[in-house]
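For reference, the structure discussed in these notes is given below.
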C-alpha cells in the first residue's frame with residue numbers, strides 16, 4: 001500500500017509536522033529523505049532494507065560513496081543531497097556554538113563534538129578555543145594518530161592558544177572503537193595539558209571522549 005494511503009497519523013511527513021522530527025524512527029527519517037519508493041516498495045520499505053543491510057544508521061552513513069549510490073533508490077543525485085543535508089547539520093551546530101556561551105550549552109557542545117569526531121576512522125585530538133566569555137573562537141583538529149593512539153604535544157596546544165588569545169579551552173578526542181571510557185593515557189595527557197596551559201593562564205574546562213552514545217566528560221566525573 002502506498003504511504004499516501006496510510007492513516008495520516010502514521011505517515012512520516014505528517015507525523016513529523018505534528019510531533020517533531022525526534023518522534024520519528026531512523027527508518028521514518030530516511031523514508032522522508034528518499035521521498036519515493038520503487039515498484040512494489042514504499043520509501044519506508046527501502047529505508048528499513050537499508051538499515052537492515054548496514055545494521056545501523058551510523059554504518060549506513062559511513063559507507064563508501066560507491067556502496068551508497070548502488071542502493072536501490074539512491075543514485076548520485078540523491079547521494080549529493082544526502083551530503084548536503086549532513087553538511088547543513090554540521091554548519092547549524094557550528095553557528096549555534098559560535099553564538100553562545102559554550103559552558104551554558106553543554107549538550108550543544110557535546111553534540112557538536114560528536115558530529116565532528118565520532119565517525120572518524122582514526123583517532124583525532126581536537127581543541128575548542130574559547131574567549132573570556134566562553135564563546136567559541138575556533139575549533140581545530142590538531143593531532144591525528146592510528147586507531148590505537150594519538151601523539152599530543154602540549155607545546156603546540158599552548159602555541160595555538162596564544163595565537164587565538166584564548167582564555168579557556170575544551171579538549172576532545174575520539175575513540176574509533178566506540179568505547180568512550182577514558183584510559184590512563186587520556187587522563188595523563190589531560191593533566192599535562194592542564195599544567196602547561198596554566199602557565200599562560202588558560203583554563204581547561206573539560207575533556208570529552210567521543211565514542212558511541214553521549215561520550216564521556218572529564219568535568220562531569222569531577223576530574224577537572
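We did not get these values from a lab; they are worked out from the coordinates using the rules stated. None of the values given here were measured: they were computed from a predicted structure. Here Cβ is always computed from backbone atoms with ideal geometry, including for glycine, and neighbour counts include all displayed protein chains.
Cβ crowding within 10 Å, taken as a proxy for footprinting-reagent exposure, orders 206, 191 from fewest neighbours to most as 191, 206.
Rounded to the nearest 10 degrees, the angle from helix 106-117 to the longest Cα principal axis of the chain is 80 degrees. Among the listed values (1) 37, 26, 15; (2) 27, 19, 17; (3) 40, 19, 15, the one computed from these coordinates for semi-axes √(5λ) of the Cα gyration tensor in Å is (3).
Helix 76-98 and the longest principal axis of the Cα set of the chain meet at an angle near 40°. Axis of helix 154-164 versus longest Cα principal axis of the chain: the two differ by about 80°, to the nearest ten degrees. Under 15 Å from a label point 7 Å along Cα→Cβ of residue 220: give me every residue in region 109-147 with its amide N that close. Within reach of a label on residue 220: 109-115.
So how far, in whole Å, is the C-alpha centre of region 10-89 from the one of region 156-213? Each part's Cα centre sits 36 Å from the other's. Maximal additional length on extending the residue 63-residue 17 stretch stands at 13.6 nm, based on 0.36 nm per residue less the C-alpha distance. Sorting 115, 110, 39 from the fewest to the most surrounding beta carbons within 10 angstrom yields 39, 115, 110.
Remark: the Cα gyration tensor places region 107-170 in the oblate category, a/c being 1.5 or greater and a/b not exceeding b/c.
Can you tell me the convex hull volume per residue for region 3-74, based on C-alpha atoms, in Å³ to the nearest whole number?
Taking only Cα atoms, region 3-74 has a hull volume of 84 Å³ per residue.
Taking 0.36 nm per residue of sequence separation and removing the Cα-Cα distance, the residue 25/residue 184 pair yields an extension gain of 53.5 nm.
From helices alone, the chain scores -13500 deg cm²/dmol at 222 nm; the rule is -39500 (n - 2.57) for each run of n ≥ 4 DSSP H residues, then divide by the residue total. When DSSP beta bridges are restricted to pairs lying wholly in the chain, around 70% turn out antiparallel.
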